[in-house]
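Q: Below you will find the structure I want to go over with you.
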Amino acid sequence: MLTIPKDKLIQAVKDMAIDANINLDQSVVKKLKAALKKETDRLPINVLENIISNQDIARNEHLPICQDTGIAVFLVEIGYELSFEYDLEAALTEGIRQAYIEGYLRKSVVDHPLKRKNTLDNTPPIIHMKLVVGDQLTLHFAPKGAGSENMSRLAMLTPGAGKQGVVDFVLETVRLAGGKPCPPIIIGVGIGGNFEKSALIAKEALFRPLEDQAEDPVDRELESELLEAVNNLDIGPMALGGKTTCLAVKVNSYPCHIASLPVACNIQCHAARKTHVTLKGEHND
Amino acid sequence: MIKLTTPISKSDRLSLKSGDEVLLSGIIYTARDAAHKKILDYLKSKQESPFEFDGQVVYYVGPTPAKPGYPIGSCGPTSSYRMDPFSVELMPRGLKIMIGKGDRSENFKDILKQTQSVYLVAIGGIGALLAKSVLKSEVIAYPELQSEAIHRLEVKDFPCIVAYDAYGNDVFHK
Ligand code: SF4
């Protein structure tokens, strides 16, 4: 049978979690540098210069980009030709535990939302799994900080609200967030599905490559319209004014009920840390 | 660029204007959600403050663990609004300078003006860079809170921006 050896999986998770927290993806750095060129005022220039120099320091000195090293989020794609004789969720959890303890990352998870006792190893992670064709396991990982996650919102609009309703909701969300989610932000928008599906596709939107565009022409148009509208709000880097409130808008959609128009808006800060790894199945006989 | 050393005198505090860039040196204290709750619980049960707030600066941060050879890990600000219900109790008791990120409640701003307090922001998400301004870090209270424990930081030229000055002027664009 084809599988991924457990030790190999744990090591891969540990490595990717530490790496993601330290090395900001070049696609984000490129957008930040392009944004800096557009700014003309003292404070937004100061903020963007510092953000760019921070990620250099983090990379060179192997320090976390941000002190909020997040709650671990995984999107896992499991090739259906694979089989596992161990608990896959437990192995992902173990990789995170090792990464956060040995990688000098902050432990930011409590055991119960009301009891609030720190679990001391940043576990458990949040794991979304799906089956795909093939013999590979792909792990998409993001350490998601609370500053931006806390500013995310979901609404069950009426179908009559239409596109304008979606645009208004996203703009309202960004305005309410102000400087709290560390702008410039990236916005993941999920429209359609139902209550939980809209939230999940909004999260998946944040995992898309920063440079891509939605496949559906309606979603694609919405992405560019929203990006422009958000950047016209003059919130700016850290809400100190300026042209760059948002680096990218990603819209994912899904079919929905005749009576529904769910919309979820998942906010990602400029410390847009994510990475992925693909492991090919091995014969274990 | 304005250079200030803690403890900060009343006249220095009142001279700050929203939008000013400040480099802070001296001792500052960290506290975030859990530590604020503990301070307030202490105040309410003992009718006295566990700390002398006069002229002191509180920074809302929960750093990452320090790597060997470093005084501190990444240490950027956390969102301040979560501390609003605590800050409105602490400002009248003498805590007049706070550092965090993001805008705060109307109630917070009212008490800030009444008490002539000042709210500074540090840039969020630049914890590796800000760590360079921290010379020393030591836990002085609530060690059980881990990264949320109260740390005493010795800082040199720690960069901040005045968000709300003592007169209630507001730097944020909304
Ligand atoms: S919102 Fe992002 S950049 Fe800001 S403090 Fe949180 S994790 Fe760091």
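The values are calculated or read from the model by the stated rules, or taken from the named source; none is laboratory data. These figures come from a predicted structure and were not determined experimentally. Note that we place each Cβ from the backbone using ideal geometry, even for glycine, and neighbour counts take in every protein chain shown. All accessible areas refer to the heavy atoms of the entire protein, side chains included, with ligands and DNA or RNA removed. Shrake-Rupley method; radii C 1.70, N 1.55, O 1.52, S 1.80 Å.
Q: Between the DSSP loop rule and a limit of at most 10 other Cβ atoms within 10 Å, which trypsin sites (Lys or Arg not before Pro) in the range A:212-285 are left?
A: Listed in order of number, the matching sites amount to none.
Q: Let me cross-check B:Cys160: its accessible surface, 1.4 Å probe, with only protein heavy atoms counted, in Å² to the nearest 10?
A: That residue has around 10 Å² of solvent-accessible surface.
Q: Of A:Val132, A:Pro159, A:Tyr80, which is farthest along the charge dipole of the range A:69-172 in the positive direction, counting Lys and Arg as +1 and Asp and Glu as -1 at C-beta?
A: A:Pro159
Q: Right, here's the next one. Out of all DSSP beta bridges with both ends in chain B, state the antiparallel percent to the nearest 5.
A: If we restrict to bridges inside chain B, about 55 percent are antiparallel.
Q: Here are some pairs, A:Lys117/A:Lys144; A:Lys180/B:Lys96; B:Lys38/B:Lys67; which of them have Cα atoms lying more than 23 Å apart in this structure?
A: The pairs that break the limit, which is 23 Å between Cα atoms, are B:Lys38/B:Lys67.
Q: In addition: For the range B:125-174 and the range A:99-152, what is the separation of their Cα centres, given in Å?
A: Distance between centres, Cα-based: 25 Å.
Q: Peptide A:234-245: average number of partner chain Cβ atoms within 10 Å per residue?
A: Counting other chains' Cβ atoms within 10 Å and averaging over A:234-245 gives 4.
Q: Here is a further query. How large is ³J(HN,Hα), in whole Hz, for each residue of the range B:146-159 in order, when computed from phi with the Karplus curve 6.51 cos²θ - 1.76 cosθ + 1.60 and θ = phi - 60°, using x for Gly and Pro?
A: 6, 5, 8, 4, 7, 9, 9, 10, 9, 10, 9, 6, 6, x
Q: Pairing the Cα long axis of helix A:88-102 with the longest principal axis of chain A, what angle in degrees results, from 0 to 90 and rounded to the nearest 10?
A: Result, in degrees: 70.
Q: If you filter the range A:202-285 for GluC sites (Glu not before Pro), then keep DSSP loop positions with at most 11 other Cβ within 10 Å, what is left?
A: A:Glu211, A:Glu215
Q: Then there is this: For peptide A:38-48, how many partner chain Cβ atoms fall within 10 Å of a residue's Cβ, on average?
A: Average per residue, whole number: 2.
Q: Give A:Lys8/B:Lys132; B:Lys37/B:Lys101; A:Lys30/A:Lys274; A:Lys31/A:Lys203 a once-over and call out the pairs whose C-alpha atoms are over 24 Å from each other.
A: A:Lys8/B:Lys132
Q: Right, something else. Using only Cα atoms, tell me the angle between helix A:26-38 and the longest principal axis of chain A; keep it within 0 to 90° and round to the nearest 10.
A: Taking the Cα atoms of chain A, the angle to A:26-38 is about 10 degrees.
Q: Still on this structure: Please pull out the direction-averaged projected area of the range B:2-164, using the convex hull of its alpha-carbon atoms, in nm² to one decimal place.
A: With every direction weighted equally, the projected area is 8.6 nm².
Q: Under a Cβ-Cβ limit of 4.7 Å, which cysteines in chain A have nobody to pair with?
A: By the Cβ distance rule, which asks for a partner under 4.7 Å, the isolated cysteines are A:Cys66, A:Cys246, A:Cys256, A:Cys265.
Q: In whole angstrom, how far apart do the alpha carbon centroids of the range B:7-64 and the range A:214-285 sit?
A: Computed from Cα coordinates, the inter-centre distance equals 37 Å.
Q: Based on DSSP loop calls and a cut-off of at most 10 other Cβ atoms within 10 Å, the longest stretch of chain B free of exposed GluC sites (Glu not before Pro) is what?
A: B:53-174
Q: When the Karplus curve 6.51 cos²θ - 1.76 cosθ + 1.60 is applied with θ = phi - 60°, which whole-Hz ³J(HN,Hα) does each residue of the range A:213-228 get, with x for Gly and Pro?
A: Karplus-based 3J(HN,Hα) across the range A:213-228 equals 10, 4, 6, 5, x, 5, 5, 5, 5, 4, 4, 6, 5, 5, 4, 5 Hz.
Q: For the protein assembly as shown, what is the percent of antiparallel DSSP beta bridges, rounded to the nearest 5?
A: 60 percent
Q: Something else: Using DSSP to define loop residues, name the GluC sites (Glu not before Pro) in the range A:1-104 whose beta-carbon has at most 11 other beta-carbon atoms within 10 Å.
A: A:Glu85
Q: Relative contact order of chain B, please, whole-number percent, based on alpha carbon pairs below 8 angstrom and at least 6 residues apart.
A: 30 percent
Q: Shielding of A:102-111 by partners, i.e. mean partner chain Cβ atoms within 10 Å per residue?
A: Taking all residues of A:102-111 together, the mean is 4.
Q: Compute and list, largest first, the equivalent-ellipsoid semi-axes of chain A from the alpha carbon gyration tensor, each √(5λ) rounded to a whole angstrom.
A: 31, 25, 17
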